[in-house]
Amino acid sequence: METALKRGWKIAAGIAAAAALMLALGGCAANVDQPTSAETSDANRNYMAQVNQIVDELGVKLTAFDDAVSRDDVVSMRTQADGAFAVLDKLDKLETPDDLKEVQEFYSDGCSNLKDALSAYVDLYTEISSATDDQPFDYSTYDERLKSIQDTYNQGIEALKAGDQKASEL
């Protein structure tokens, strides 16, 4: 029988898939070239190169998070989530060329939602794994909480897609 934790693992797998999506987004958006000045074009390429590097780092962190979930290792989940948060913060703090400010806003919004979803998932998983006979986990809220986490995750993915779309239009 599938445990609640294993059903919830789909969220973690989805979050790891976000790293793959961001790799695709960063790769697609890396083609952004403004026909204005060489300096602007260089700044845009530099920004997108940094985005790609950060996304690569994020992929590593989320893969490690996914591995911790598969092992039911709550301590490692928290550690790997914290590592992913640090990488997402790097993206949020990137110096962004003026031409790509709107793209950055979408990426930042998406990353914020992914951080919220990842954190909520770790919190939920921690509550379940630390439940005792004296203080059992209230499974009556599980499906609702998991849906909320999934909705936040989906909002993050949609924001990343919107950023990619905007980048491809430039």
Accessible surface of Ile149 - all protein chains present, 1.4 Å probe, nearest 10 Å²
10
Rounded, prolate or oblate: which fits the range 26-160, taking a ≥ b ≥ c as square roots of the Cα gyration tensor eigenvalues, rounded meaning a/c under 1.5, else prolate when a/b beats b/c?
prolate
State the extension gain, in nm to one decimal, for the chain segment bounded by Asp72 and Ser129, taking 0.36 nm per residue of separation less the distance between their alpha-carbons.
19.7 nm
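The values are calculated or read from the model by the stated rules, or taken from the named source; none is laboratory data. If you're wondering where the values come from, they're calculated on a predicted model, not measured in any experiment. To get the accessible areas, we keep the full protein, side chains included, count just its heavy atoms, and leave off ligands, DNA and RNA. Shrake-Rupley method; radii C 1.70, N 1.55, O 1.52, S 1.80 Å.
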